[in-house]
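J.: Could you have a look at this structure, given as structure tokens, before my questions?
The values are calculated or read from the model by the stated rules, or taken from the named source; none is laboratory data. Predicted model only: the values in this text are computed from it and were never measured. Please note: Cβ atoms are built from the backbone with ideal geometry, for glycine as well, and neighbour counts cover all protein chains shown. Quick note on the areas: whole protein, heavy atoms, side chains included, nothing else; ligands and nucleic acids left out. Shrake-Rupley method; radii C 1.70, N 1.55, O 1.52, S 1.80 Å.
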Amino acid sequence: MPAQKIIIAIDGYSSCGKSTLAKELAGQLEYNYIDSGAMYRAITLYFLRNHVDYSDPIKVLDAIANINISFIFNEQTHSSDLQLNDEDVAPYIRDMIVSEKVSEVAAIREVRSFAVAQQKRMGRKKGIVMDGRDIGTAVFPDAELKIFMTADPEVRVMRRFKEMYATNPHVTIDEVRHNLELRDYIDSTREESPLHQAPDALLLDNSGLTREEQLQIVLKWVKERNAPIRQGRD
Ligand code: DC
């Protein structure tokens, strides 16, 4: 049977290493990696910059009408670089000010409808790895491979702290811990598509795994689903 390109949906709590795994998978499989969280971050950045009162659904809809999110495929990284109204906003969307508000913005129904519609369109041709919170449950409920990632909370705090410290030496471990706990709480208790493991998602706890070990586990799952893996890996 010829190997088919599939959709790989990766969900899980904040800072579990979803994007690291997703990028490596996309590189190995020559798929396109889409970071769905970056869309919610870009929308949050737009709301903050334009002082949008996002407690008002009408103002949210007005603002969304002025937002264009596009992804430019990067051949080298096999990921797609996000642009907000033709601006590369990568340097800003991981700032603490955005991280503090993004879960509130991502809980807004109108925001989710806008982002999910675009995410579904990006999966039409398959050959995609997308990570987020509702990818296996709402965006691609028929994805051939669904992974739910988790890791020990303190491992996640330290990973995130190191990442943020590199660009902001003033950030503290307590600040990072508080932000992660709050986001996990909002993401998993919101009314609209809360974060939960899809019944058919495979659980991957990577607390004690190296990057290479987790990649090998997932490549085996991909192979079991009859998707092509580049030579040297299978
Ligand atoms: O993956 P991330 O930490 O960059 O995501 C930022 C926020 O966006 C996160 O707190 C929850 C939200 N999010 C979401 O609600 N649904 C997704 N598919 C991806 C992210």
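J.: Could you grab the Rg to Rh ratio for the range 98-234? Cα atoms only, Kirkwood for Rh.
T.: 0.99
J.: Another question, then. Give me the tail of P(r) for the range 193-232 as a percent: Cα-Cα pairs with distance above 17 Å.
T.: 45 percent
J.: Given the whole protein assembly as supplied and a 1.4 Å probe, what does the accessible area of THR77 come to in Å², nearest 10?
T.: Rounded to the nearest 10, that gives 60 Å².
J.: Let me ask something additional. Long-range amide H contacts for ILE34: which residues qualify at under 5 Å (H placed 1.01 Å from N, peptide plane, sequence gap of 5 or more or a different chain)?
T.: Amide H to amide H, under 5 Å and 5 or more residues apart or across chains, ILE34 pairs with VAL129, MET130, ASP131.
J.: Here's a follow-up. Taking only the alpha-carbon positions of the range 61-149 and ignoring solvent, what does the Debye formula give for the base-10 log of I(q)/I(0) at q = 0.13 Å⁻¹?
T.: Each listed q corresponds, in turn, to -0.51.
J.: Sticking with this one: In Å², and per residue, what accessible area does the range 107-234 have when probed at 1.4 Å with the other protein chains present?
T.: Roughly 55 Å² per residue, with all protein chains present.
J.: Where is the GNM fluctuation largest for the chain (alpha-carbon springs, 10 angstrom cutoff): TYR46, TYR33, TYR13?
T.: Among TYR46, TYR33, TYR13, the largest GNM mean-square fluctuation belongs to TYR46.
J.: Set the Förster radius R0 to 25 Å, insert the Cβ-Cβ distance between LEU61 and TYR92 as r into 1/(1 + (r/R0)^6), and round the FRET efficiency to 0.05.
T.: The calculated FRET efficiency here is 0.60.
J.: Hey, another quick one. When Lys and Arg each count +1 and Asp and Glu each count -1, what net charge do the other residues less than 13 Å away from ARG190, Cβ to Cβ, add up to?
T.: -2
J.: Please compare each pair in LYS126/LYS223; LYS23/LYS146; LYS23/LYS223; LYS59/LYS101; LYS23/LYS101; LYS18/LYS125 to a cut-off of 20 Å on the Cα-Cα distance and tell me which ones are over it.
T.: Over 20 Å Cα-Cα: LYS23/LYS101; LYS18/LYS125.
J.: Follow-up question, since we're still on this one. Would you mind calculating the relative contact order of the range 77-234 from Cα pairs under 8 angstrom and at least 6 residues apart, reporting the percent as a whole number?
T.: 27 percent.
J.: Show log10 I(q)/I(0) for the chain at q = 0.12 Å⁻¹, two decimals, from a solvent-free Debye sum over equal Cα scatterers.
T.: -0.66
J.: Which of LEU182, LEU25, LEU45 moves the most in a Gaussian network model of the chain with Cα springs under 10 Å?
T.: Among LEU182, LEU25, LEU45, the largest GNM mean-square fluctuation belongs to LEU182.
J.: A further question follows. Can you tell me which of ARG94, ARG41, ARG121 moves the most in a GNM of the chain? Springs connect C-alpha atoms under 10 Å apart.
T.: Looking only at ARG94, ARG41, ARG121, the biggest GNM fluctuation is shown by ARG121.
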